[in-house]
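K.L.:
Before we start, here is the structure in question, set down as structure tokens.
The values are calculated or read from the model by the stated rules, or taken from the named source; none is laboratory data. These numbers come from a predicted model, not from an experiment. Cβ: placed from backbone, ideal geometry, glycine included. Neighbour counts: every protein chain shown.
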Amino acid sequence: MAIISKLNEKLKRVRSLGVLLFIVLILFGVMPVSVYSFISSRLFLSSAISQRISELQSHAAIISNLVVNSGFFTSENVTELNTELNQVADVYRGRILIIDRRLTVVKDTYGFEDGKIIISQDIINTFSGANSKYINNESEYVEITVPIKDSEKKETIGVIFMSFSIENIYTLYRTRLQQNVTFVTVFTVILIVFAVLIVKAVIKPVSSLSSTIKKITAGGEIDSQVNFSGYKEFEDIAASYRDMIAELQTIDESRQEFVSNVSHELKTPITSMKVLADSLVGQEELPVELYREFMQDIDSELERMNNIINDLLTIVKSEGASSTSIVTTVNINEFIEGLLKTLRPIAVERNIELVYETFRPITAEIDEVKLGMAFNNLIENAIKYNYDDGWVRVTLNADYKYFYLKVADSGVGIPEELQSRIFERFYRIDKARSRDTGGTGLGLAITRNAILLHRGAIKVYSKEGQGAVFTVRIPLYFQK
Ligand code: ADP
């Protein structure tokens, strides 16, 4: 077990795409070629041996005929047979024995065994009419036995035993094998060179991307230029990488802009407070009324800063990853009614008519605090950016999937070209007016964040001087 886990450790270290690709290329290249070379050599050997055996068998058949026809076992007229025997034995470099029914060797081309009795299982079996063969691969020879059949008497009258060397076949086989080994070796070397080149070409873009990312991580300049070329997959990665870098740059720029906006927004009240405080400090014996007036101004600047900081905290909370939503099932009709109740006094102050229309009872899963703030901003804006004696109409409706809130007003309206910008943080069309009404320019950004958190949508329709309509769509069931 310890060895296996050690091996696993080692394998993990070399678990690189390059190494894997290299191994696969080599394995799938070299293995089939080696196996094929080996098998083809073996096939050559066995087919050459079988061919030799069948040649010998056909010679044996000829000899068998000659034995029967010449009446070899009885007569002395055997010249033709002897010639054939010697020829075959010479050409194939082997030995031929002819054995009669008494298992006596009547002819041995080597002349050693003439007249001797031979007892061998193969020969005895051959008398029952079957051929036999025996291949000795170590000593590189074959032995075959063929029955001599007398077709008239329909009996086996003797056996031809042949023993031949197949050394020359083996020599050919070994030469062939040697050639194949040389071929496989050369092929492997070429394949290794190719594999190294291919692996390098494939891995290079990945390494280049990895080193670019490392550079960025180490605090280097963000470089969107990665040189990925050739393969579609890598070009896709490069495209995604460039998109990601563009997105990062946008986030970075927007963060910088946000910080400078925040500093600027907070600087304005601080500067005016400093001016007010300096003028109080620099003058002696000021009347109490002037003190009070200045202090009131300082108080309203403090109030403004407080508003900005509160709004900023809300934005940071809603944008942060740690933002948690407390979702409950809420009666939306009553929920909107509650919001209107707190806003009505501001409307009454400027004689603005606040109308609420609702078409059906609606319940939905929402984060009451966040969506409350969002809807509150919309209705408050409709009152703030309205003319005295104007109207604000809030309409609530729903279908089986969403509920819809519409806030329409008779106010100053929003020029078409600025409609996409009003959701940006700190964006205000009329700075002075927004300032007078205590606006921070963060309200609609907060509203949009809350609506997106609910996977809803917000749209604005307006023309300058002709009022504005904000429509919001929120799913009835909260989706994470
Ligand atoms: P503010 O705190 O200034 O109200 P918001 O983010 O709520 O900030 O709104 C951004 C700007 O959009 C406002 O300054 C205002 O100029 C414009 N705006 C928002 N709602 C309306 C509306 N109902 N009618 C006209 N202008 C609007």
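K.L.:
Do any strands (runs of 3 or more DSSP E) entirely within segment 317-376 hold 1 or more residues that are surrounded by fewer than 15 Cβ atoms within 10 Å (Cβ to Cβ), and if so, which?
P.N.:
327-331, 353-358
K.L.:
Within segment 360-376, work out how many residues are more than 19 Å from PHE478 (Cβ to Cβ) and within 16 Å of the ligand (Cβ to nearest atom).
P.N.:
1
K.L.:
Return yes or no: is ILE332 within 48 Å of the chain's Cα centre (by Cα) and modelled with pLDDT under 95?
P.N.:
No, not satisfied.
K.L.:
Tell me which of these ILE308 doesn't satisfy, since it passes every other one: (1) within 16 Å of the ligand (Cβ to nearest atom); (2) more than 60 Å from the chain's Cα centre (by Cα).
P.N.:
(2)
K.L.:
Looking only at strands (runs of 3 or more DSSP E) that fall completely inside segment 377-480, which ones have 1 or more residues that are aromatic (Phe, Trp, Tyr), more than 13 Å from the ligand (Cβ to nearest atom) and within 48 Å of the chain's Cα centre (by Cα)?
P.N.:
The qualifying strands (runs of 3 or more DSSP E) are 402-409.
K.L.:
Are any of the residues in segment 59-69 surrounded by fewer than 17 Cβ atoms within 10 Å (Cβ to Cβ), farther than 30 Å from TYR170 by Cβ and either β-branched (Val, Ile, Thr) or modelled with pLDDT under 85 (or both)?
P.N.:
yes
K.L.:
Could you list, ordered by first residue, the pairs with Cβ atoms under 6 Å in which the first is in segment 239-252 and closer than 16 Å to LEU209 by Cα and the second is modelled with pLDDT under 85 and among the charged types (D, E, K, R), at least 6 apart or interchain?
P.N.:
Matching pairs, first to second residue: none at all.
K.L.:
Within the set of pairs 6+ apart or on separate chains, which have a first residue in segment 445-472 that is among the aromatic types (Phe, Trp, Tyr), a second that is within 10 Å of the ligand (Cβ to nearest atom), and C-beta atoms under 7 Å apart?
P.N.:
Taking only residues 6 or more apart or on different chains, the pairs are TYR461/VAL469; PHE470/LEU378; PHE470/VAL407; PHE470/VAL460.
K.L.:
Tell me, which residue of segment 115-131 that is surrounded by fewer than 13 Cβ atoms within 10 Å (Cβ to Cβ) and assigned to a loop (DSSP other than H, G, I, E, B) is nearest to the chain's Cα centre (by Cα)?
P.N.:
ALA130
K.L.:
Residue pairs, Cβ under 7 Å, 6 or more apart or interchain, first in segment 113-133 and within 17 Å of ASP150 (Cα to Cα) and at pLDDT 85 or above, second of a type in the set (A, V, I, L, M) and part of a helix (DSSP H, G or I). List them.
P.N.:
No pair meets every condition.
K.L.:
Just to check your reading of the model, which residue among SER50, SER54, SER58, SER41 is in contact (Cβ under 8 Å) with a residue 40 or more places away in the chain and part of a helix (DSSP H, G or I)?
P.N.:
SER41
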